[in-house]
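Chemist: Got a structure for you, questions after.
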Amino acid sequence: QVQLVESGGGLVQAGGSLRLSCAASGSIFSINAMGWYRQAPGKHRELVATITSGDTTVYADSVKGRFTISRDNAKNTVFLQMNSLKPEDTAVYYCNCNARTSRYYSAANDYWGQGTQVTVSS
């Protein structure tokens, strides 16, 4: 019912920057929050950053001061500006959307993008 399309990943040298974007579409009634998670080889998927419809943000300690999450509500799009990238940031980054799809049912579900690869070289 909800589709997420991610873009902006790639290969960058340590200290460089990338900007990820994720656009949500489909049967969306309202969005509670959108965010980014990442998964490195052999690791569990972990939270990177989230932002609510009220602009409350949460960041992983490892990215505070380097990454910034933002959104464009009119376009149901979330961005992740990644600066001062480190090799430890190398992972597949997944977009997440917590959304309500029904006018009559208030429950919300989590939806996931396909992931975009971010590789940071030394």
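The values are calculated or read from the model by the stated rules, or taken from the named source; none is laboratory data. Here the structure is a predicted model, which is why all the values come from computation and not from measurement. No Cβ is skipped: glycine too gets one built from the backbone with ideal geometry, and neighbour counts run over all protein chains shown. Please note that ligands, DNA and RNA were not included when accessible areas were found on the heavy atoms of the full protein model with its side chains. Shrake-Rupley method; radii C 1.70, N 1.55, O 1.52, S 1.80 Å.
Chemist: Where only protein heavy atoms count, and the probe is 1.4 Å, what is the accessible area per residue for the chain in Å²?
Modeler: 54
Chemist: Residue 86: which lysines have alpha carbons under 27 Å from its alpha carbon, excluding same-chain residues fewer than 8 sequence positions away?
Modeler: 43, 64
Chemist: Also: In the chain, carbon and sulfur make up what percent of the accessible area (probe 1.4 Å)?
Modeler: 47
Chemist: Could you give the nm distance between label points at residue 1 and residue 107, where each point is 7 Å from its Cα heading toward the beta carbon?
Modeler: Result: 1.0 nm between the two label points.
Chemist: Using all C-alpha to C-alpha distances in the chain, build P(r) with 5 Å bins and read off the rounded percent in each one.
Modeler: Computed distribution, short to long bins: 2, 12, 23, 24, 19, 10, 6, 3, 1, 0, 0.
Chemist: On a full-extension model of 0.36 nm per residue, what is the gain between residue 32 and residue 14, subtracting their alpha-carbon distance, rounded to one decimal in nm? List each step's numbers first, then the result.
Modeler: On the way: separation 18, 0.36 × 18 = 6.48 nm, distance 3.36 nm.
Extending this stretch completely gives an extra 3.1 nm.
Chemist: Taking the simple approach of a point 7 Å from Cα along Cα-to-Cβ for both residue 84 and residue 40, what is their distance in nm?
Modeler: 1.8
Chemist: OK, next. Report residue 106's accessible area, 1.4 Å probe, all protein chains in place, as a number in Å² to the nearest 10.
Modeler: Ignoring ligands and nucleic acids, residue 106 comes out at about 90 Å².
Chemist: Loop-only trypsin sites (Lys or Arg not before Pro) in the stretch 1-65, please: DSSP not H, G, I, E or B, and at most 13 other Cβ atoms within 10 Å. Before the final figure, lay out the partial values.
Modeler: Working: sites: 19, 38, 43, 45, 64; in loops: 43, 45, 64.
Passing sites in the stretch 1-65 are 43, 64.
Chemist: Quick check: convex hull over the Cα atoms of the stretch 59-118, volume per residue in Å³, rounded to an integer?
Modeler: Enclosed volume per residue, from the Cα hull, is 107 Å³.
Chemist: Starting from the stretch 78-122, pick out the chymotrypsin sites (Phe, Trp or Tyr not before Pro) whose DSSP state is loop and whose Cβ has at most 15 other Cβ atoms within 10 Å.
Modeler: 104, 105
Chemist: While we're looking at this one, here's another question. Given R₀ = 22 Å, what would the calculated FRET efficiency be for residue 57 paired with residue 25, taking r from the Cβ atoms and rounding to 0.05?
Modeler: That pair, residue 57 with residue 25, gives E of 0.40.
Chemist: Which net charge results for the neighbourhood of residue 2, defined as the other residues with beta-carbon distances under 13 angstrom from its beta-carbon, given Lys and Arg at +1 and Asp and Glu at -1?
Modeler: Within the 13 Å Cβ shell, the charges total 0.
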